[in-house]
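Structure first, then comments.
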Amino acid sequence: MSHDYALDPRNDEILIDINGELFPRDEAKVSVFDSGFMLGDGVWEGLRVHKGTITFLERHFDRLYEGAKTLDFQMNVSRGELRARLYACLKANKMGDDVHIRLMVTRGTRSTPYQDPRVTVTPPTIVIIPEYKKPVLNDKGISLFTVHVRRGYPDVQDQKLNSHSKLNCITACIQATKAGADEALMLDPHGFVSTCNSTHFFIVRKGELWTSTGDYCLGGITRSVVLELAQATGIVARTKNFSLTDVYGADEAFITGTFAGVSPVREIDGRIIGDGETRPMMKRLEALYLERIEAENT
């Protein structure tokens, strides 16, 4: 799977930050009246820590704070304060590498089980969960299955909003799992390829790098970095509409995400992509991405 990781017993003893206070894992709790628990009303970010540095943190903050504004609640901590809280949590856990952080922000606690935001009676709930998570990479590549669940129009639920409400992605993941695949490939409302249920999707055709327009998927941080690296090194990179016919006939396919970086796709809907083994474009971009990660620490 795209998010496979090595189990680490140290995670049993982690300290979790809730609103600036540290709690042992077994004691970390939020109210049953919390907006996130009750209604999925909140936004989140997955953060990668490499050699003590949270990579691309400002880009993640851009998305997080924009998401809070979209949901119309006021963050009660500044970027500087939240950055300090993140690094203090890492320090308290003595963490420096192979760490993944789930940063979650909800609207806050409600006075009663009701969807109207006006019944919220506390500032936002901010939770920081750091875990030792070293990716277990599948060099042969993962398998994808195209599901019936679509990435919908923004007037229904804007896919650019990284909200706690992920039921469409969960449903897609369930369907792909039932089909025996590692992850779901999702189409947009027009039948063009959009993204995967938890990662972003790329193909290589005749020396060109293709990914979706981005109109119906989350503004992925790793996706953006890979596109920037491709363009900076002379690779023709296109964000465009393309169909499953283009996918099945591609020379390469891969996914991107904060956790696993750049990872190969071997099979989609039972079709082997390319020869299933040689992936020169992906390997080049993976090397460039790892170099970029290292540069974040200088």
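The values are calculated or read from the model by the stated rules, or taken from the named source; none is laboratory data. The model shown is predicted, which means the values in this text are computed figures rather than measured ones. As a convention, Cβ positions derive from the backbone with ideal geometry for all residues, glycine included, and neighbour counts pool all protein chains shown.
For the range 33-61, what are the residues that are without any contact (Cβ under 8 Å) to a residue 40 or more places away in the chain, of a type outside the set (F, W, Y) and surrounded by 15 or more Cβ atoms within 10 Å (Cβ to Cβ)? Answer for the range 33-61, where residues must be without any contact (Cβ under 8 Å) to a residue 40 or more places away in the chain, of a type outside the set (F, W, Y) and surrounded by 15 or more Cβ atoms within 10 Å (Cβ to Cβ): just L57.
When the residues of the range 16-32 are narrowed to those that are buried (at least 16 other Cβ atoms within 10 Å of the Cβ) and among the hydrophobic types (A, V, I, L, M, F, W, C), which ends up farthest from A92 (Cα to Cα)? Please lay out each step first, then the result.
Going through the range 16-32, the residues buried (at least 16 other Cβ atoms within 10 Å of the Cβ) turn out to be 16-19, 22, 28, 30.
When the remaining residues are screened for being among the hydrophobic types (A, V, I, L, M, F, W, C), the result is 16, 18, 22, 28, 30.
Numbers: I16: 10, I18: 14, L22: 9, A28: 15, V30: 21 Å.
Out of the qualifying residues, it is V30.
Of all residues in the range 1-21, those that are in a helix (DSSP H, G or I) have Cβ atoms under 6 Å from Cβ atoms of residues that are at pLDDT 95 or above, 6 or more apart or on another chain, in R10/Y132; N11/E131; N11/Y132.
For the range 1-38, a residue qualifies if it is under 17 Å from L86 (Cβ atoms) and of a type outside the set (S, T, N, Q), and the qualifying residues are I14, L15, I16, D17, I18, G20, E21, L22, F23, A28. Among the residues of the range 272-288, those that are out of contact with any Asp or Glu (no Cβ under 9 Å at 6 or more places or on another chain) and buried (at least 17 other Cβ atoms within 10 Å of the Cβ) comprise L285, E286, L288.
Taking the listed residues L185, L227, the one that is crowded, with 20+ Cβ neighbours inside 10 Å, in a strand (DSSP E or B), out of contact with any His (no Cβ under 9 Å at 6 or more places or on another chain) and assigned by TED's automatic domain parsing to the domain that holds C173 is L185, with no other qualifying.
Residues are listed down the side, and each one gets a yes or a no for (1) in contact (Cβ under 8 Å) with a residue 12 or more places away in the chain; (2) crowded, with 18+ Cβ neighbours inside 10 Å; (3) assigned by TED's automatic domain parsing to the domain that holds I272:
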site	(1), (2), (3)
H148	yes, no, yes
Q157	no, no, yes
C169	yes, yes, yes
I174	no, no, yes
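For G234, the conditions (1) modelled with pLDDT of 95 or more; (2) surrounded by 15 or more Cβ atoms within 10 Å (Cβ to Cβ); (3) at positive phi are fulfilled apart from (2). With respect to the conditions (1) buried (at least 17 other Cβ atoms within 10 Å of the Cβ); (2) outside any loop (DSSP other than H, G, I, E, B), G214 falls short on a single one, namely (2). Only strands (runs of 3 or more DSSP E) whose full extent lies in the range 52-167 are considered here, and the ones with at least 2 residues that are more than 29 Å from L187 (Cα to Cα) are 125-132.
Of the residues screened, D34 is not one that is of a type in the set (D, E) and touching a Cys at 6+ places or on another chain (Cβ under 6 Å).
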